[in-house]
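Below is one structure, written out as structure tokens; comments come after it.
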Amino acid sequence: MTTRRINYLCCCLLGVLLCKCPSNVRSNNNNEPIVRGQQTNDEYETHFDVESRESGIDFGPMLNDLVELHDDAEGAANFVMDKLTKSIHDRMVKIFHKATSAECRVKIARHFSYWINAIGREDAGFPFIGSKFHNSCPEPAIDFRNLPQGTTFESIMYRKYQPPKDEAGYIEDKNDLKLLYGILTHGDDARRVIRLIEALHEDGLHTFVVHVDGKPINDNAYDSLMIYSQNKTHVHIVPREHSIRVNWGGYSMVNATLQILKYSFGLLTTGGRPYEVINSRPLDFHKFVHLSASSYPIKSNAEIRERISSYPLDANMLMVIMKPLEPHPSAFNYYVECDDTVHRIYRLPPLSASTHGVDLYTSSQWFIISRDFASYLAIAEAGTFVYDYIQYAEHIVVADETFFGTVLRNSEFCTKHHNDNFLHLQFDRWESDLQNGERDERKCLSPDPNRCGRSPTTLTVDDFFALELSNQLFARKFSDSDTEILDLIDEYRAVDEIKYRDIAAGNYSPPAITVDTRFEGQGTLIVAKESVNSSAPLCLGLGTSGHHVKLVPCFHDEIIATLANGWETGAVIKEEVLPNNQWEVGPCSLDGYLKRRPDTAQMESRRGRHSSPHCMIKQMGGSRSGRCLDIQGERIEPGGQIQVYPCIHKWHQMYGFGDGMVAPFGSIHGSIPKNVLSTILHKGKNQAKDLCLGVSGRGGKRYIPWEEDENKVDLNNNQDFTPFHDELISFLEQGILPPITLWQDKSLVTMPCSDSDSVIEFVFVPFIIEEDQDGGEEYNQPLPRAQEAFATANNQERQEL
């Protein structure tokens, strides 16, 4: 055993695999690391020593009591059992404070007995220890620890299912697409559900099935919806006798969705005998769209139909983390749900292909799926994976975030999986970020009270630019009381609907352009303004490798000598520029004004009704073409490293441009969502609303990492971010701001936009393709040229346009 001893402190329990520790490190009685050769036998503890001390009972002091009972086996057993079961008794008391009904207490007692009796009987196993499940997915398993050459996690994660139309069944006319919207709702106000239905309804096409939470507090909403649905054949309400009392973290969330599906296929029956089917015929639809009542469409109905119909009818659009879930056994627990509470019993063996035949997958509960997959879920026929898996899923905490993806990935429907659910989400704070008295304890179900869940952030008008830029069809969540953001979305959707209608009629006229980042159609060079006239102009780029964004030389060496004063107001030829320096700005939100000024080459930005335009900035060309400029890890304090990352259309990939008020002219900045700001301020920390792209260590300010980041990179003493001290000392001694050129090849970071010394001002220089003198093929080789003539020609071209 001693060869397998590991440092207890290195055990990252509750959701994280065990850390690897140096072989010469162990722990002492204070649970502090000690080095081999320094400890004594009394100090040395194995992992088992620590665990047994924490969970075991010391029967030594009770030796005399047991001696007196040496002839009484029954009495000795009773004496010992009183001690052994005390901890179970104490837990049961704690649970029964929440589980008050006799039925719930019986249920909890029965599930506790599975473990206790297994120990007593010896021939019985713990629940699901030996269970085997049938995986009917024909796709080969992926070994994420040993991916094939040329295969990346991203290529697996962003899998698509959109084969040519002669290889799959597509709907012939997008205007014939029939959607069934399944909606989950709770609360006593039905107005948000009605508004959602009214926004999505199209005569003769779509059907709506609503499940209202079964708790009595929701009865008013149920009654209102029943009245609303009268004489509306397209609106159906799951009958009250089949309404599920839904609880955060419980399987009830999944069960409520299954009730909608069962209703949709005519599988629900009335109580009593003989049973009668509630709706005798299955509803007519091509695709099932699952939404919360706190969701809302952010694209027009025309675009929703067009986008969904561009995928095969058998496509299942569901977001799944493709790497199987591998929780540590100590972090996965068995839960029972009753009395509107989720009660923790003991450990639940995590499923894996090696032990149980199938893997678990983290996934979304909101999706767009085929009629066939919806039927598979609704019927749950005996012998199928979903039938067997339901028994296991009933005991998983937050089952809705694993159920549907796990079923999809372990069934024959896996081959039709498109890994996107077309839903825009921005997540809120973890509940554990709040103080104990402020937490929603329903979201803290783990044995560790500081390991809690979180919910999506509530979107407001401040998030509209992110919704406008999102490539998704729906978004959540929205507040019942905030109609301003929904009214704004409706305006946007109405304009989009008219656009689709006019395009179909052949009379569409584009509106006047107030946001223009076309840059001649070939992308742009983004140059640090201060370096424009230096001996080596510096640009936003990646250098020759890596994904971190830096200030790198713009041009091949032989080009620099040809640059004339004011070259930045003209344009450049792609072949003259070093690799990975070409960027595309867009798409952009349209609220406000944004154009490049030809006289300064800077972006001129003006605020609109609610915000200034924000844009995505993408790499063009090179190995990371198409990736977006990204604040790594959504870092919201100064020092967040800038990188390129696959575009996910979230706030940390959307940038505004300095207008002289929010941020300095010429700067590029990210706008932090209001809910994130409020969380940070609630922690008593200072947080700027906007963070600009900048460099570390240039001005007089030094930024101390927040406590949770203290073990991360030290920006002030790291040559990946700052020049060597010897390069800076002469400038610092004279009180002079060091030139930006000293930060060549240094990684860019986020800085408060108020720190003018650290923030970089940029100019934007378009790329063009130069043609030969006959106006034929473009040149493929670098072409030195006089920049004055080139700039003049470019300005003339602008005037003509």
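Quick one: dipole size for region 265-358, taken about the Cα centre, charges +1 on Lys/Arg Cβ and -1 on Asp/Glu Cβ, in debye to the nearest 20.
Dipole of region 265-358, to the nearest 20 debye: 160 debye.
When +1 charges are put on Lys and Arg Cβ atoms and -1 charges on Asp and Glu Cβ atoms, the dipole computed for region 475-516 relative to its Cα centre reaches about 240 debye.
Scoring 149-155, 255-261 by mean Cβ neighbours within 10 Å over their residues and listing the highest first yields 255-261, 149-155. Each peptide in 112-124, 292-304, 373-385 gets a packing score, the mean of other Cβ atoms within 10 Å over its residues, and the list from highest to lowest is 292-304, 373-385, 112-124. Between residue 769 and residue 648, the FRET efficiency from the beta-carbon distance, with R0 = 35 Å, is close to 0.70.
Mind checking the per residue accessible area of region 478-565 for me, 1.4 Å probe, whole number of Å²?
With all protein chains present, region 478-565 gives 51 Å² per residue.
By accessible area, using a 1.4 Å probe on protein heavy atoms only, region 351-393 has 49% of its surface on carbon and sulfur. Summary of packing: across the peptides 77-90, 655-668, the per-residue average of other C-beta atoms within 10 Å ranks them, highest first, as 655-668, 77-90. Only protein atoms count toward the accessible area here, which uses a 1.4 Å probe; on region 131-223, the carbon and sulfur part of that area reaches 48 percent. Pairs from the table (160/477; 529/550; 650/674; 323/416; 299/650; 160/323) lying more than 20 angstrom apart at Cα are 160/477.
Quick one: Kirkwood hydrodynamic radius for region 280-387, alpha-carbon pairs, angstrom, one decimal?
Here the Kirkwood hydrodynamic radius works out to 17.3 Å.
Placing +1 on the Cβ of every Lys and Arg and -1 on the Cβ of every Asp and Glu, with nothing else charged, gives region 492-599 a dipole about its Cα centre of roughly 300 debye.
Using a probe radius of 1.4 angstrom, the carbon and sulfur fraction of the accessible surface of region 252-346 is 52%. Comparing 152, 111, 142 along the charge dipole axis of region 100-179, the residue lying farthest to the positive side is 111, per the Cβ-charge model.
Couplings for region 101-107, taken from phi via the Karplus curve 6.51 cos²θ - 1.76 cosθ + 1.60 with θ = phi - 60°, read 7, 4, 4, 5, 5, 5, 4 Hz in order; Gly and Pro are left as x. For region 305-410, the per residue solvent-accessible surface stands at 31 Å², with DNA, RNA and ligands left out and a 1.4 Å probe. Using the 1.4 Å probe convention, the accessible area of region 617-687 works out to 36 Å² per residue with neighbouring protein chains retained.
How much net charge surrounds residue 742 when only the other residues with a Cβ under 12 Å from the Cβ of residue 742 are counted, with Lys and Arg +1 and Asp and Glu -1? Write out the running numbers ahead of the final one.
Numbers: positive: 698, 746; negative: 530, 726, 727, 745.
In short, -2.
Between the C-alpha center of region 186-228 and that of region 54-71 there is a gap of 63 Å. Distance between the C-alpha centres of region 371-395 and region 92-143: 19 Å, rounded to the whole angstrom.
The values are calculated or read from the model by the stated rules, or taken from the named source; none is laboratory data. The structure presented is a predicted model; accordingly, all values stated were derived computationally and were not measured. Cβ atoms come from the backbone with ideal geometry, glycine included; neighbour counts cover every protein chain shown. Each accessible area value is taken on the protein alone, full model and side chains, heavy atoms only, with ligands, DNA and RNA left out. Shrake-Rupley method; radii C 1.70, N 1.55, O 1.52, S 1.80 Å.
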